[in-house]
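**Student:** Just dropping this structure here.
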Amino acid sequence: MNKNDHKSDAHPARVSVFIVDDHPMIRAGLVGMIAGESDFLCVGEAGHGADAVRMIPTLQPDIVLMDLLMPQMDGIEAIRQLRPLAPQTRFLILTSLTEPGEVQRALAAGAVGYLTKTASAHELVNTIRAAFSGRRVLSPEATEALISVSQHAAPGADLTQRERELLALMARGLSNQDISDQLHIALPTVKFHITNILSKLGVSNRTEAVLVALRHKLVPAN
């Protein structure tokens, strides 16, 4: 069966949309926005990436609105797993994160658009339609983030303050659990930040990250 067979004959160009966000109120707002557009159809929602990976292959939506930082599985990993399972689906990031590393990782994973949650309903609707028509759409904030990366040649220049804190603790030899306890943040959040740190430094493991950090004086040499 073609994935568009579920669309009503009265709406031949109806765009099926699936929402992934861990905040119920945000999901409810997005569902309401989509319901207000005659050419959109909300076909489902999930509160984290793992549920999205379970549900989306069956539904095969045209568009997925994907948050980044979520419990159990973040949006980047969800996109990576879903791309071969839903090859015609287009993934749009909708997040509050605008760090260059997140934008780069999202695009590398296969997202066709990156929009911040400060966007208006009008902007979001237009972005969904643009993605459905095959265009790549980046918010001004995402575009600025990518430009800032190209202007910084030094490794670690695009690290956030929180990422620098984690890197310093990594250099002291603290485990993920130790970092979680010391910074009072959840273990999945620690892992998310470390993944970003490795990506931004262009390394594959913690040891290499610490070496780069010491070499370029990103952390104190204790």
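The values are calculated or read from the model by the stated rules, or taken from the named source; none is laboratory data. Bear in mind the structure is a predicted one, so any value in this text is a computation, not a measurement. Side chains are part of the model used for accessible areas, which takes the heavy atoms of the whole protein and leaves out ligands, DNA and RNA. Shrake-Rupley method; radii C 1.70, N 1.55, O 1.52, S 1.80 Å.
**Student:** If you roll a 1.4 Å probe over the heavy atoms of the protein chains, what accessible area per residue do you get for the range 67-203, in Å²?
**Tutor:** Working: 6320 Å² over 137 residues.
Each residue of the range 67-203 exposes 46 Å² on average to a 1.4 Å probe.
**Student:** Another one. Where does the Debye-calculated log10 I(q)/I(0) of the range 60-101 sit at q = 0.22 Å⁻¹, using only Cα point scatterers of equal weight, no solvent?
**Tutor:** Once normalised to I(0) and log-transformed, intensities are -0.74.
**Student:** Normalised by the number of residues in the range 16-85, what is the relative contact order in percent for Cα pairs under 8 Å and 6+ residues apart?
**Tutor:** Working: 107 pairs, mean separation 26.7, N = 70.
Rounded, it is 38 percent for the range 16-85.
**Student:** Once the Cα atoms of helix 121-132 and of the chain are each reduced to a long axis, what angle between those two axes, in degrees from 0 to 90 to the nearest 10, is obtained?
**Tutor:** Helix 121-132 and the main axis of the chain meet at about 80 degrees.
**Student:** In whole percent, and with a 1.4 Å probe on the protein chains, what portion of the accessible area of the chain is carbon and sulfur?
**Tutor:** 53 percent
**Student:** For the chain, max minus min Cα coordinate along each principal axis, in Å, sorted largest first?
**Tutor:** 68, 34, 30
**Student:** Once you order the gyration tensor axes a ≥ b ≥ c over the Cα atoms, which shape class does the range 71-143 get: rounded for a/c under 1.5, otherwise prolate or oblate by comparing a/b with b/c?
**Tutor:** On the way: a/c = 1.75, a/b = 1.17, b/c = 1.49.
Oblate is the answer for the range 71-143, as a/c is 1.5 or above yet b/c matches or exceeds a/b.
**Student:** Considering the Cα positions of the range 161-222, please state its Rg to one decimal place and its Dmax as a whole number of Å.
**Tutor:** For the range 161-222, the Cα radius of gyration and maximum Cα-Cα distance read 10.5, 29 Å.
**Student:** On the Cα set of the range 107-222, report Rg and Dmax in Å, please.
**Tutor:** 17.3, 54
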